[in-house]
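The structure appears below as structure tokens.
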Amino acid sequence: MHYHCEVIIPPTELDKIQPAISALLAPFDETSDDESVLHPFWDFWVIGGRWAGTKIPAGCDKEKLDEFYDWMKREGVTVSGLQCGKQELSPATQITKVDAKWNEMFPGADGQPKLCPIFRHSNDQFGDGLEGTMPGDICELRDALEIECQRIVFAGPSFVSDANAWTGPLEATFMLCTVEWNGTNYMKVDWDGKVGSAVEQLRKHARHYGEEYKARIVPQNDWLSITVDYHS
């Protein structure tokens, strides 16, 4: 199955995000032969993917979003019976009409037409690097606090002995998921799936740490929240 993960990292240049996440998630690779991989949870991942654009509707006015869905219902908009990620408009001839209505109701700040993020035609779900992303997939943490996901991974710089400082590659420092496999069955975790409540759990978890270490792992509002689609 494919799951929605938000990865929280310190401010990072755009061209360094993909390799940073690759290194961060490597210790959790189900296909790895490395015996140090003790808690794997993925065999494929991509930034955006099936969850690209998730933050766009979440940031829209709920009443207007409901109005958009009501419009589609009145217009008899139909989708494919087979769903793999986002729903797919079927027949595809409806795409132009749906995109036009989306832009009418939710015009972009730059005035340029956008593809409706709710449906599959809006992005390449298997795009390499950042090719499958949409606006909001990489955003500041402050703008993602109400987003819900199945897993969240917080990261901070690792320790470099030679420098005696936390300046190394990013590593996972705190992780939550809504359900976890215990060897026999899946069990629920005490987390509602929201990014904001995960941040609060991390702050509570770190409250007794030293200030230097706490500064390394407790995210600030300008840290990045990155939407990742992973398969397990």
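Quick one: what Rg and Dmax do you get for the chain from the alpha carbons, in Å?
Gyration radius and largest Cα-Cα distance of the chain: 19.3, 66 Å.
Taking the beta-carbon count within 10 Å as an exposure proxy, list Asp110, Asp143, Asp192 from fewest neighbours to most. Before the final figure, lay out the partial values.
Numbers: Asp110 7, Asp143 15, Asp192 11.
The most exposed by this proxy come first: Asp110, Asp192, Asp143.
Cα-Cα over 26 Å: which of Lys55/Lys188; Lys16/Lys214; Lys16/Lys188; Lys16/Lys101; Lys73/Lys114; Lys62/Lys188?
Details: Lys55/Lys188 24 Å; Lys16/Lys214 24 Å; Lys16/Lys188 34 Å; Lys16/Lys101 36 Å; Lys73/Lys114 21 Å; Lys62/Lys188 28 Å.
Among Lys55/Lys188; Lys16/Lys214; Lys16/Lys188; Lys16/Lys101; Lys73/Lys114; Lys62/Lys188, the Cα-Cα distance tops 26 Å for Lys16/Lys188; Lys16/Lys101; Lys62/Lys188.
Once the Cα gyration tensor of the stretch 1-125 is found, what semi-axes does its equivalent ellipsoid get, as square roots of 5 times the eigenvalues, in whole Å, sorted largest first?
Working: eigenvalues 236, 66, 28 Å².
One finds semi-axes of 34, 18, 12 Å for the stretch 1-125.
For Leu130, Leu141, which order do you get if you count the other beta carbons within 10 Å of each Cβ and list the fewest first?
Numbers: Leu130 16, Leu141 21.
So the residues, fewest neighbours to most, are Leu130, Leu141.
Can you compute the charge dipole magnitude of the chain about its Cα centre, using +1 on each Lys and Arg Cβ and -1 on each Asp and Glu Cβ, nothing else charged? Give it in debye, rounded to the nearest 20. Numbers along the way, then the final one.
Values: 21 positive and 37 negative charges, 138 e Å.
I would put it at about 660 debye.
Taking a cut-off of 17 Å, what percent of all Cα-Cα pairs in the stretch 41-91 are separated by more than that?
Percent of Cα pairs beyond 17 Å in the stretch 41-91: 55.
Please determine, in degrees from 0 to 90 and to the nearest 10, the orientation of helix 14-25 with respect to the longest principal axis defined by the Cα atoms of the chain, where the helix direction is its Cα long axis.
60 degrees
Specify the angular offset, from 0 to 90 degrees and rounded to the nearest 10, of the alpha carbon long axis of helix 195-205 from the longest principal axis of the alpha carbons in the chain.
The two axes meet at around 10 degrees.
When averaged across all projection directions, what area in nm² does the alpha-carbon convex hull of the stretch 60-121 cover? Write down the numbers at each step before the final one.
Values: hull surface 17.6 nm².
Approximately 4.4 nm², given one-decimal rounding.
Please give the Cα centre distance for the stretch 1-46 versus the stretch 64-101, rounded to the nearest Å.
33 Å
Readers should treat all values here as calculations from the given coordinates under stated rules, not as data from a laboratory. In this text, all values refer to a predicted model and were calculated from it rather than measured experimentally. Heads up, the Cβs are rebuilt from the backbone with ideal geometry, glycines too, and the neighbour counts pull from every protein chain shown.
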